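Below you'll find the structure I mean.
The values are calculated or read from the model by the stated rules, or taken from the named source; none is laboratory data. A quick note: this is a predicted structure, and the numbers were derived from the prediction, not measured. Cβ placement follows ideal geometry from the backbone for every residue including glycine, while neighbour counts extend to all protein chains displayed. Accessible surface is based on the protein model in full, side chains and every heavy atom, while ligands, DNA and RNA are left aside. Shrake-Rupley method; radii C 1.70, N 1.55, O 1.52, S 1.80 Å.
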2 protein chains.
Amino acid sequence: MDSAVARERALDAAEELFYGRGIQSVGMDDIRGASGVSLKRLYQLFPAKEQLVEAYLERRDGRWRGRLAEFVELRSAPEERILAVFDWLEEWFGEEGFRGCAWINSYGELGATSDRVAAQVRAHKRAFGDYLASLVAAAGRPAALAGPLFLLAEGAMVTAGITRSTRPAAQAREAARTLLEPR
Amino acid sequence: MDSAVARERALDAAEELFYGRGIQSVGMDDIRGASGVSLKRLYQLFPAKEQLVEAYLERRDGRWRGRLAEFVELRSAPEERILAVFDWLEEWFGEEGFRGCAWINSYGELGATSDRVAAQVRAHKRAFGDYLASLVAAAGRPAALAGPLFLLAEGAMVTAGITRSTRPAAQAREAARTLLEPR
DNA sequence: ACCGTAGGAGAACGCTCGTTCTCACGTCAA
DNA sequence: TTGACGTGAGAACGAGCGTTCTCCTACGGT
């Protein structure tokens, strides 16, 4: 098996297991079993579990933000683009296997003990916040709107994860619409 | 040492360590060292670690909501009481040792593997949401306001925990004020 | 004074898991 | 053909930790 292929399979297994069951409760042997990549190869590709965790979060970050941006691009009106973020959240929340925000969960699990994971979570959230801010700026709205919209989105992710419901997305969208109304 | 005293000391140590470093990275031996309660006594009081975790979350839930309600009671105007929630969040975020919401963190750590912890987190969040709803009702405002306010508060907690900043509280308060404005 | 009981200190046990090692096998260059 | 090398399967190692056990001391009732 090609190294690149083995790497992808390992990351696929890591993503499914880490996201679904939490990082600490998944062993390297579980990754091996789910990916078919031998332990020897796993440790060649990722010298320690923590590096596999980092690679998982990093790949997921790119994909997550990519999917969001792709969805948002379908709308042309700047205000609609902002609201589309919440529409996308609703789709995401409804997906099979949704278990909340991977970064918030990882932060709860490892934020206090792993500086590198904590930094990655902060970077992801900053990137998401910056993206929201860019949408607000593109709509010609005051920059101060971005913070509250970000908080609504974060609250929706956390609440959807805990309550296993898509409803927070619609609530957040509605609140966002109100905040966006001209006064 | 009296049993009741030992129990309190054990819970004090559990709260400080579990909240500060995460649950899984704290061993029963750490609890013993920090509390001065022997392992034998610990296991008499809490037959397994999971029960200590539950007792920790339960006691913290009572105290947390008690402190919040106490703070809110200081205001008399119904609208002010709603906003006071966010003022209290700001105070809380600024406390030494603040590390985000204990329940959100616990959910990230154990939500996928412990049904009892997951249920306790849901119960805590439901109680907080109900409390917010009662403040909204007391102010004679539409019940639909409670959801968005809840999401703002949750988003603020998560963001304050990750970024180690008190700013999300003020942002959430400002957004809440806007949502409360008569239109 | 004596015995039964409770409690403390900490060793011990058993399991999990991250990481490394062994060994047998297949491959490819010379 | 041969030998060096890479690889897979899985055993082995070592640490951490939840839980229990041992042993010793102190004390309370008679």
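Among the residues of region B:125-138, write down those that are farther than 18 Å from residue B:151 by Cβ and within 12 Å of the chain's Cα centre (by Cα).
Answer for region B:125-138, where residues must be farther than 18 Å from residue B:151 by Cβ and within 12 Å of the chain's Cα centre (by Cα): there is none.
Also, I was wondering about something else. Taking helices (runs of 4 or more DSSP H) that do not extend beyond region B:16-85, which have at least 3 residues that are in contact (Cβ under 8 Å) with a residue 12 or more places away in the chain and in the same structural domain as residue B:148 (by TED's automatic domain parsing)?
So the answer is B:49-73.
Another question, then. Identify, by number, the condition in (1) within 16 Å of DNA strand C (Cβ to nearest atom); (2) open to solvent by 40 Å² or more (accessible area, probe 1.4 Å); (3) away from chain B (no Cβ under 14 Å) that residue A:31 doesn't meet.
(2)
Residue by residue through region B:24-43, note down the ones that are over 24 Å from residue A:24 (Cα atoms) and among the charged types (D, E, K, R).
B:40, B:41
Another one. Determine which member of the set A:56, A:43 is of a type in the set (Phe, Trp, Tyr), open to solvent by 10 Å² or more (accessible area, probe 1.4 Å) and either modelled with pLDDT of 95 or more or within 13 Å of the chain's Cα centre (by Cα) (or both).
A:43
Can you tell me which residues in region B:1-15 are among the hydrophobic types (A, V, I, L, M, F, W, C) and not in a helix (DSSP H, G or I)?
B:1
Pairs under 6 Å by beta carbon, first residue of a type in the set (Gly, Ala, Ser) in region B:115-134, partner part of a helix (DSSP H, G or I), six or more apart or different chains?
Within 6 Å, the pairs are B:129/B:150; B:133/B:146.
Can you pull out the residues in region B:125-155 that are open to solvent by 10 Å² or more (accessible area, probe 1.4 Å) and among the acidic types (Asp, Glu)?
B:130 - this is the single residue of region B:125-155 that is open to solvent by 10 Å² or more (accessible area, probe 1.4 Å) and among the acidic types (Asp, Glu).
Take residue B:122 and tell me if it is modelled with pLDDT of 95 or more and either over 14 Å from the mean Cα position of the chain (by Cα) or buried (at least 17 other Cβ atoms within 10 Å of the Cβ) (or both).
Judged against the criteria, residue B:122 is not a match.
Going by what's in this entry, would residue A:97 be described as in a loop (DSSP other than H, G, I, E, B) and more than 16 Å from DNA strand D (Cβ to nearest atom)?
In short, yes.
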